[in-house]
1. Looking only at region 150-182, count every residue that is touching a residue at least 40 places away in the same chain (Cβ under 8 Å), crowded, with 17+ Cβ neighbours inside 10 Å and within 30 Å of MET41 (Cα to Cα) and tell me the total.
2. Does at least one position in region 42-58 carry a residue that is modelled with pLDDT under 85, among the hydrophobic types (A, V, I, L, M, F, W, C) and not assigned by TED's automatic domain parsing to the domain that holds GLN170?
3. Name the single residue that is farthest from PRO130 (Cα to Cα) among those in region 1-18 being surrounded by 13 or more Cβ atoms within 10 Å (Cβ to Cβ) and either touching a strand residue (DSSP E or B) at 6+ places or on another chain (Cβ under 9 Å) or of a type in the set (A, V, I, L, M) (or both).
4. Failed condition for ALA143, given (1) in a helix (DSSP H, G or I); (2) under 30 Å from GLN290 (Cα atoms); (3) in contact (Cβ under 8 Å) with a residue 24 or more places away in the chain; (4) of a type in the set (Gly, Ala, Ser), with all others met?
5. Can you find a residue in region 94-116 that is assigned by TED's automatic domain parsing to the domain that holds GLU216, assigned to a helix (DSSP H, G or I), at pLDDT 80 or above and of a type in the set (A, V, I, L, M, F, W, C)?
6. For region 18-35, give me the residue count where each residue is more than 16 Å from VAL92 (Cα to Cα) and assigned to a helix (DSSP H, G or I).
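The values are calculated or read from the model by the stated rules, or taken from the named source; none is laboratory data. Being a predicted model, the structure only gives us computed values, none of them experimental. Glycine also receives a Cβ, built like all others from the backbone with ideal geometry; neighbour counts cover every protein chain displayed.
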Amino acid sequence: MDELTQLFDEAQQWLFEHLLQPLLFKFGMASMIEDAYAGSMWLLVGILEIVLLVVVIGSLQRWRPVEQVTDRQQIRVDILYTLIYRLGLFRVALFFLVQPFWDTFFGQAHVWGLSPLHIDQVWPGVTDQPWVSLVIYLLIFDAVDYLYHRAQHRFDWFWALHSVHHSQRQMTMWSDNRNHLLDSVLRDAVLVVVSQLIGVAPAQFVLIVVFTQLVESFSHANVRLSFGRWGDRLLVSPRFHRHHHSIAIEESTAGVRRGSNFSVLFPVWDILCGTGRFETPYGPTGIHDQLPQAGARDYGRGFLAQQWLGLKRLVGADKRGGGRPVT
């Protein structure tokens with residue numbers, strides 16, 4: 001483990017010195033060197049994640065695909081989303097647009113005497129062990145993600161943004177990052193607040209993000225694979241999550257639930273809340289009003305079109321149908 005850590009540190013140092021630092025000096029941004037070095041870590045992590053996607057999950061998709069690829073243009077759009085998020089471009093935008101607000105907000109909270117809960121200190125000798133605290137944090141963040149995901153499907157304004165994610169008819173390992181940018185900003189805000197409240201260490205936050213992103217990429221993969229009767233109840237599998245993206249309409253599950261299989265990592269939340277559906281078929285994905293018989297609603301075929309139409313739905317300028325999946 002120490003050797004891997006040293007190798008990662010050396011790679012980060014090389015990336016920073018040979019790519020980011022020269023750019024900072026060229027554009028007169030030398031005052032941001034410290035922040036840029038931290039950013040180089042996320043860039044390296046993103047590169048490694050993409051390599052894992054291509055080599056490991058990509059091989060699984062070629063081995064046992066659920067469906068044959070018929071719309072490569074839409075997959076290329078998803079790859080663009082993945083590059084924006086995984087290579088740190090989205091984080092750079094947040095750094096300039098949102099980070100000053102968070103610095104002021106949490107600084108003022110500290111002045112008021114508010115401090116993190118430090119959940120890892122609840123049971124000294126047990127919860128302060130790195131792997132135990134990591135599991136606890138993963139469960140907490142996953143519970144928050146479950147509730148956030150339920151809200152995305154429950155409220156019309158939220159669904160207006162989240163439907164960008166569900167509009168992919170050719171779902172693959174790249175589809176996880178197909179999200180409206182405003183939706184991602186809101187989710188990031190929730191996770192930042194939670195991480196501050198429970199006192200997550202920076203190193204563990206990185207592990208949480210990496211683990212979550214890899215599982216999400218795998219759960220969106222175009223692969224005919226599950227973890228079996230009990231495994232699917234422990235960790236979200238491609239079959240379990242594919243049903244969440246199903247384009248089918250089943251009136252028996254319509255209503256306030258407005259969907260099923262909302263869990264991001266651990267299906268336990270779906271089990272506890274009665275929204276889990278297991279042993280499901282590998283059906284087609286998308287939103288039901290994309291079908292010709294339901295109006296063939298346009299959600300955009302390009303990145304900019306998808307972002308623009310999401311904003312139009314948000315403000316009510318695109319009034320065609322509800323479009324919400326009710327599987």
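1. Count: 13.
2. Kept after step one, since they are modelled with pLDDT under 85, are these residues of region 42-58: none.
Among the residues of region 42-58, not one is modelled with pLDDT under 85, among the hydrophobic types (A, V, I, L, M, F, W, C) and not assigned by TED's automatic domain parsing to the domain that holds GLN170, which makes the answer no.
3. Filtering region 1-18 for residues that are surrounded by 13 or more Cβ atoms within 10 Å (Cβ to Cβ) and either touching a strand residue (DSSP E or B) at 6+ places or on another chain (Cβ under 9 Å) or of a type in the set (A, V, I, L, M) (or both), the one farthest from PRO130 (Cα to Cα) comes out as LEU15.
4. (2)
5. Looking through region 94-116, none of the residues is assigned by TED's automatic domain parsing to the domain that holds GLU216, assigned to a helix (DSSP H, G or I), at pLDDT 80 or above and of a type in the set (A, V, I, L, M, F, W, C).
6. Residues of region 18-35 that are more than 16 Å from VAL92 (Cα to Cα), as a first pass: 18, 22, 25-26, 28.
From what is left, the residues that are assigned to a helix (DSSP H, G or I) are 18, 22, 25-26.
The number of residues fulfilling the criteria is 4.
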